[in-house]
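The values are calculated or read from the model by the stated rules, or taken from the named source; none is laboratory data. Predicted, not measured: the structure shown is a model, and the values here were computed from it. Note: areas computed on protein heavy atoms with side chains; ligands, DNA, RNA excluded. Shrake-Rupley method; radii C 1.70, N 1.55, O 1.52, S 1.80 Å.
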Amino acid sequence: MNTLGHFAAAPNGDSVKRFVNNRPDAGALAKAYTRGFGSTHTVVEGRAPASLVKSAERTEFNDTGKAMESIAIPSSQVSKVICTGSHIKQTSC
């Protein structure tokens with residue numbers, strides 16, 4: 001992301017990359033992933049064209065123990081989501 005300046009498709013070949021649309025959910029997700037996977041996870045803020053966000057599928061995401069909405073951006077369109085440089089880093093729980 002630092003080199004490209006935008007997000008890239010998921011390395012596992014998923015057809016979508018999921019995003020949350022608010023900072024509290026993003027922070028909760030970083031904390032849950034740090035706790036669950038045992039390594040530091042960083043959440044990076046991004047911005048995307050309104051038309052891309054509006055047309056994206058919305059799904060429920062429950063990786064934190066609390067349901068939250070995720071925005072599923074097709075992998076072929078993920079490069080349109082630009083990193084803004086604001087980070088939430090969780091190093092401990």
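Taking the Cα atoms only, what angle lies between the long axis of helix 23-37 and the longest principal axis of the chain, rounded to 10 degrees?
Between helix and principal axis, roughly 60 degrees.
Rounded to the nearest whole Å², what accessible area per residue is found for the chain with the 1.4 Å probe?
63
Run lengths n ≥ 4 of DSSP H only: what is the helix-derived mean residue ellipticity at 222 nm for the chain, with -39500 (n - 2.57) per run over all residues, to the nearest 500?
Roughly -6500 deg cm²/dmol at 222 nm, from the helical runs in the chain.
According to the Cα gyration tensor, what semi-axes, each the square root of 5 times an eigenvalue, does the equivalent ellipsoid of the chain have, listed from largest to smallest in whole Å?
So the three semi-axes of the chain are 21, 16, 12 Å.
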